[in-house]
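See structure below.
Every number in this text was worked out from the coordinates using simple rules, so none of it is lab data. Predicted model, so just to flag it, every value in this text is computed and none were measured. Methodologically, a virtual Cβ is constructed for each residue, glycine included, from the backbone with ideal geometry; neighbour enumeration extends over all protein chains shown.
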């Protein structure tokens, strides 16, 4: 299942990689008491009270078929149970790995970088052989310090440098006309979003700015994955406020497909998610 939305001259399509199992929200949002979920249980958790997520990418293509093909994040990669379906699902959309020109990494957690590199006889090879990988310099600098070494980063991001496919991004940079990175640090030191502005419309691919729809209202709620909760909260509040005031379309990577593209609306003074 995919979902697409047009922003001016660009079409943005969700591309599922992996469907992980449900998790107890108390393990993910450890500081949030169980009763605080009560107003949101009917739509933010499943029937068993569990948090359901998806690991997905977003494909950006121009509607006139010109310009670069951009993939935002590369999922969690191959799995032992053969769940990683990103390449198959791209193929179903008519996109081969060699067609991708740019891979933007919103941040360097394992479920966003897994297909960057494959290994043959122990040697890394580019999964997307013609693409440059746009990685935030802050994330690169953090994870290349020995004290912050991470196996997922070491396997899927670090080899990009020697393979000649790494572009370090320092702040806001233009990827293509109307498409740019915007720093949204806090979830990781270099967490970044992708802004699409075209023909008077604006969309934003938010990476892990929020993980659950309840956070659109409860913007101070932070999952255990956030590196700096003060920074992630400030970025979440700022971006969601701007998205509501300026009527942006928001592409949320961890919400279930079918409800992961939406707007932030003001519902009697409360920020609320409205799927499109």
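Yes or no, residue by residue, for (1) surrounded by fewer than 18 Cβ atoms within 10 Å (Cβ to Cβ); (2) farther than 21 Å from residue 107 by Cα; (3) in contact with a helix residue (DSSP H, G or I) (Cβ under 7 Å, 6 or more places away or on another chain):
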{"position": "27", "(1), (2), (3)": "yes, yes, no"}
{"position": "33", "(1), (2), (3)": "yes, yes, no"}
{"position": "39", "(1), (2), (3)": "yes, yes, no"}
{"position": "51", "(1), (2), (3)": "no, yes, yes"}
{"position": "58", "(1), (2), (3)": "no, no, no"}
{"position": "73", "(1), (2), (3)": "no, no, yes"}
{"position": "86", "(1), (2), (3)": "no, no, no"}
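Considering only residues of region 250-271 that are in a strand (DSSP E or B) and more than 15 Å from the chain's Cα centre (by Cα), which is nearest to residue 59 (Cα to Cα)? Give the derivation first.
In the first step, residues of region 250-271 are kept if they are in a strand (DSSP E or B); the result is 250-251, 261-267, 270-271.
Cutting the leftovers down to more than 15 Å from the chain's Cα centre (by Cα) gives us 263-267, 270-271.
Numbers: 263: 19, 264: 22, 265: 25, 266: 29, 267: 31, 270: 31, 271: 27 Å.
Taking the candidates together, the pick is 263.
Just give me the residues in region 113-134 being out of contact with any helix residue (DSSP H, G or I) (no Cβ under 7 Å at 6 or more places or on another chain) and touching a residue at least 40 places away in the same chain (Cβ under 8 Å), in sequence order.
First pass over region 113-134, keeping only residues out of contact with any helix residue (DSSP H, G or I) (no Cβ under 7 Å at 6 or more places or on another chain): 118-123, 125-126, 131-132, 134.
Scanning region 113-134 gives 118, 131, 134.
Does residue 49 satisfy the condition of being assigned to a loop (DSSP other than H, G, I, E, B) and within 21 Å of residue 191 (Cβ to Cβ)? Outline the logic, then answer.
Details: assigned to a loop (DSSP other than H, G, I, E, B): yes; within 21 Å of residue 191 (Cβ to Cβ): no.
Answer is no for this residue.
In region 204-227, is there at least one residue being in a strand (DSSP E or B) and either without any contact (Cβ under 8 Å) to a residue 12 or more places away in the chain or within 23 Å of residue 63 (Cα to Cα) (or both)? Reasoning before the result, please.
First pass over region 204-227, keeping only residues in a strand (DSSP E or B): 204-205.
Subsequent filtering for residues that are either without any contact (Cβ under 8 Å) to a residue 12 or more places away in the chain or within 23 Å of residue 63 (Cα to Cα) (or both) retains 204-205.
Yes, region 204-227 has at least one match.
Identify the single condition in (1) touching a residue at least 24 places away in the same chain (Cβ under 8 Å); (2) part of a helix (DSSP H, G or I) that residue 38 does not satisfy, given that it satisfies every other one.
The one condition residue 38 does not meet is (1).
Filter region 174-203 down to residues that are exposed (fewer than 15 other Cβ atoms within 10 Å of the Cβ) and not in a strand (DSSP E or B) and give me whichever is nearest to the chain's Cα centre (by Cα).
Taking the candidates together, the pick is 177.
How about region 56-88: which of its residues are touching a residue at least 12 places away in the same chain (Cβ under 8 Å) and not in a loop (DSSP other than H, G, I, E, B)?
56, 57, 58, 59, 60, 61, 62, 70, 71, 72, 86, 87
Can you name the condition, by its number, that residue 274 falls short on among (1) touching a residue at least 60 places away in the same chain (Cβ under 8 Å); (2) surrounded by fewer than 14 Cβ atoms within 10 Å (Cβ to Cβ); (3) assigned to a strand (DSSP E or B)?
(1)
Within region 243-271, how many residues turn out to be surrounded by fewer than 14 Cβ atoms within 10 Å (Cβ to Cβ) and out of contact with any helix residue (DSSP H, G or I) (no Cβ under 8 Å at 6 or more places or on another chain)?
Total meeting the criteria: 8.
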